[in-house]
1. With the requirement that a residue be part of a helix (DSSP H, G or I) and either assigned by TED's automatic domain parsing to the domain that holds residue 59 or in contact with a helix residue (DSSP H, G or I) (Cβ under 9 Å, 6 or more places away or on another chain) (or both), what does segment 116-146 give you?
2. Conditions first: (1) assigned to a helix (DSSP H, G or I); (2) more than 29 Å from residue 312 (Cβ to Cβ); (3) touching a residue at least 12 places away in the same chain (Cβ under 8 Å). Residue 24 passes all but one, so which condition is the exception?
3. At pLDDT 95 or above and touching a helix residue (DSSP H, G or I) at 6+ places or on another chain (Cβ under 9 Å): is that true of residue 262 in this structure?
4. Does residue 149 satisfy the condition of being under 30 Å from residue 377 (Cβ atoms), at pLDDT 95 or above and outside any strand (DSSP E or B)?
5. Mind counting the residues in segment 213-227 that are surrounded by 23 or more Cβ atoms within 10 Å (Cβ to Cβ) and part of a helix (DSSP H, G or I)?
6. Residue under question is residue 78, and the condition is that it be surrounded by fewer than 24 Cβ atoms within 10 Å (Cβ to Cβ) and either not in a helix (DSSP H, G or I) or not assigned by TED's automatic domain parsing to the domain that holds residue 245 (or both); does it hold?
7. Working carefully through the options 97, 2, 22, find the one that is surrounded by fewer than 24 Cβ atoms within 10 Å (Cβ to Cβ) and either assigned by TED's automatic domain parsing to the domain that holds residue 164 or under 27 Å from residue 359 (Cβ atoms) (or both).
């Protein structure tokens, strides 16, 4: 494995870093941020800044306006974008749109790409991914899928209830997972303004960085033409892995940037603040937390780069991305938690960005599969194949 950053990617890394620092960080206190994410007006403004800098949707193929970054390229650039809580949104590489773009590129038909992928990559529209359901429906166990798709002539009729649907409020279209009459899962594409789609409510949550927040969506006799099936009938779970394996990793990339930001703020504070006759960071209790932060950040980066390398070799990388998701989400959470502790009283206020980073990253240990589910899955693989398979 060669983790040397080539010159062209190094230049892109530095350009992204400067863009985030100079254009996006100053906007972090903009009042157009709500409990359910930045307003669409603000998002479009941010996307315009990224487009002007040639940094909009860099992961997407050039034919759709991106830079066609490899997974390793994404690791380098997405970390820089994640340094600001608005960076991923500004560069149109935030969830769920980034994962949906990846899925559409690999699975959608030419007509579907023109209809949905192209405007999505340009930042003209947003999207959502409708898979998770309230009990007893699918959550960590996708096989519990309850939303149904019944064939009716040249259409499918969709019925079901979804929740934790990120970006649903204001999304132009949805990717919907539903089960057929034979129990297999299929993905469907639908504009969100179709009769039969109801945004029941938005769910209040710790985070506020996802445009559109997290919604509860009901499908009530939604009619979808067979031409809007995404991929093939019955391959929904396979396509979910096409999306989720890289998406878990890109979450790691973005949140690593946020962890780096929190660590930097805490470090600057520890180097300036004096207590008991010396700089705060010279006290072992604080100095050891800074050292642990540094180790967690570097360990996470190595895990991300290794997994990106695996994916770039053309391997599915599901197990690797699963392990990376657990390692990184827990390490990033520790960095944020320690940074709050180092800042003391200021750490639990909005006086610095650390309090917001702390809230934003907590959910990462849950979404895209809780750590416990990934550990259970890995344990089953170990029991089947032995250690170091």
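The values are calculated or read from the model by the stated rules, or taken from the named source; none is laboratory data. In this text, all values refer to a predicted model and were calculated from it rather than measured experimentally. We place every Cβ from the backbone using ideal geometry, glycine too, and count neighbours over all the protein chains shown.
1. 116, 117, 118, 120, 121, 142, 143
2. (2)
3. The answer is yes for residue 262.
4. Working: under 30 Å from residue 377 (Cβ atoms): yes; at pLDDT 95 or above: yes; outside any strand (DSSP E or B): no.
Here the answer is no, as residue 149 does not meet what is asked.
5. 0
6. no
7. Working: 97 fails: surrounded by fewer than 24 Cβ atoms within 10 Å (Cβ to Cβ); 2 fails: either assigned by TED's automatic domain parsing to the domain that holds residue 164 or under 27 Å from residue 359 (Cβ atoms) (or both).
Exactly one residue qualifies, and that residue is 22.
Conditions tested, residue by residue: (1) touching a residue at least 60 places away in the same chain (Cβ under 8 Å); (2) surrounded by fewer than 21 Cβ atoms within 10 Å (Cβ to Cβ); (3) touching a helix residue (DSSP H, G or I) at 6+ places or on another chain (Cβ under 7 Å); (4) assigned to a helix (DSSP H, G or I).
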| residue | (1), (2), (3), (4) |
| --- | --- |
| 177 | yes, no, yes, no |
| 186 | no, no, yes, no |
| 195 | no, yes, no, no |
| 201 | no, yes, no, no |
| 211 | yes, no, yes, no |
| 238 | no, yes, no, yes |
| 241 | yes, yes, yes, yes |
| 246 | yes, no, yes, yes |
| 256 | yes, no, yes, yes |
